[in-house]
Amino acid sequence: MPLRKRLEMELRQDWKSHCIPYKELQREAENLVGQDNLELEFVFRNHFSYALEKANEFFLRKREQAIKSFALCSHAIDAIAQVHHDREKLFCPPTPTFSSSTPSTQPPPPLGSKDSLTDIVSPTNSTDQMWPTKTAEEREIMASTFSIWAKAARDQRRHTIHLVDFVNPTFMAKLEEGALRAALQDWLRLLTLVDHLRTFALLNTVAGLKLIERHCCSSTREASRADLDALPMTHMEGVSELMQQFEAVAASLAKCLLGPRPSSPSAAAGANTWSPHVCPFCTHTVSNAVVLAGSGPGGRTCCWTCVMKNESNAIVQCPLSRRPVDLRLTHVEQVLVTFLRRFFPSAYQSAREDIDRICHAPQATTKAERKAAVGILSLRAQEQKKTAAAAAA
């Protein structure tokens, strides 16, 4: 597919105004070929640099948004794990529990204060009123205090609202369920945001490379390439580091949804195992994976950083097949797909058609997220039924 059409089809509608005006710059660069006009070359370079800076500024803004969203999702999932642990300890101690992947560092409020009582009924959604981590001694005191309070409330029931009317196993489970649904939606939304952000950076970088290598004259090529290489967007700076942190949070969310699962070999291998592929350039686990189409069956998955290091004239040679690959045929490996394939393969199959359409129709993102969430929650309901049946037996 021509690069111009990819820019029109694969970018979100509200992001297109921040993209490099590829067609206009292409015409302007072609008009310079065969002319020795320093003024026109200077004007083109200024236009090109401005377009790059504009796209890079938008990339940095969306990257900060993704980082903040990840922090909120991570905190919410950690809080839900803490809610589950507290609920199991207060109401059904024999049940095995799990702890959060990254304990919160927020100090607990004084016992008996208004905030500590608020903690008992939190969180109500994925971002507000997170549960702070408490020590074992504080948990024991809180459990004892809660038992005495609940007994007194039952013995001296009046026509008023008591804590026991709200804080009970059923209500706590409903709170956890609601928070988990909200956190799942936020997480899927974050993954699609990161996918769109990486696609935006890749297409704009490839557009810049094509303009430089195919349409610029030799006198402006070197300076324009230096301008492109200096941008964080070109190397997707910060995105690879962010994706490396997805592993633990994704595993914690899957544990909250379906309980402890058998660990996969890739999970035991160490950090940076979000993608199961090995880069043919650096021979390490792929970081910020992209797929080189046409270099082998189904394409060749490798690191975006390695692609940029080995690129020449917007062409990269696959080290395995030795085939030259035009970067216009390169696309990102979706982190949404990686997450679903690894932790919820059946949910991915049910939403596969809509998820695959995201690359060519970004407006289908909401529908894909909804189908994936429904599939995951259906799996959760099935697991809960199995657990209840096993307990009854």
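Model label sites at Ser17 and Leu258, defined 7 Å from Cα along the beta-carbon direction, differ in position by 4.2 nm. Between amide H atoms placed 1.01 Å from N, distances below 5 Å from Val325 occur with Val316, Gln317, Cys318, all of them 5 or more places distant or on a separate chain.
In percent, what relative contact order does segment 290-393 have, based on Cα pairs under 8 Å that are 6 or more apart in sequence?
Details: 95 pairs, mean separation 19.4, N = 104.
Worked out over segment 290-393, it gives 19 percent.
For Lys68 and Ser321, a Förster radius of 41 Å and the Cβ-Cβ distance give a FRET efficiency of 0.50, rounded to the nearest 0.05.
Multiply the residue gap between Glu57 and Ala230 by 0.36 nm, knock off their C-alpha separation, and tell me the result in nm, one decimal place. Intermediate values should be presented prior to the final figure.
Details: separation 173, 0.36 × 173 = 62.28 nm, distance 1.28 nm.
So the extension gain works out to 61.0 nm.
In this rough spin-label picture, where each label sits 7 Å from Cα along the Cβ direction, the Arg370-Lys385 distance is 2.4 nm.
Would you mind checking the pairs Lys5/Lys309; Lys210/Lys309; Lys5/Lys210 and listing those with alpha carbons more than 20 angstrom apart? As for pairs spanning more than 20 Å Cα to Cα, those are Lys5/Lys309.
A Förster radius of 45 Å, combined with the Cβ-Cβ distance separating Glu222 from Val278, puts the computed FRET efficiency at roughly 0.85. Amide H contacts of Leu292: Arg300, Thr301, Cys302, each under 5 Å away and 5 or more positions distant or on a separate chain (H built 1.01 Å from N in the peptide plane; Pro and chain starts excluded).
Read-outs throughout are calculated quantities, based only on the coordinates presented, and are distinct from any laboratory measurement. Worth saying up front: this structure is predicted, and the values here are computed from it rather than measured. Ideal geometry is used to build each Cβ from the backbone, glycine not excepted, and the neighbour counts take in all protein chains shown.
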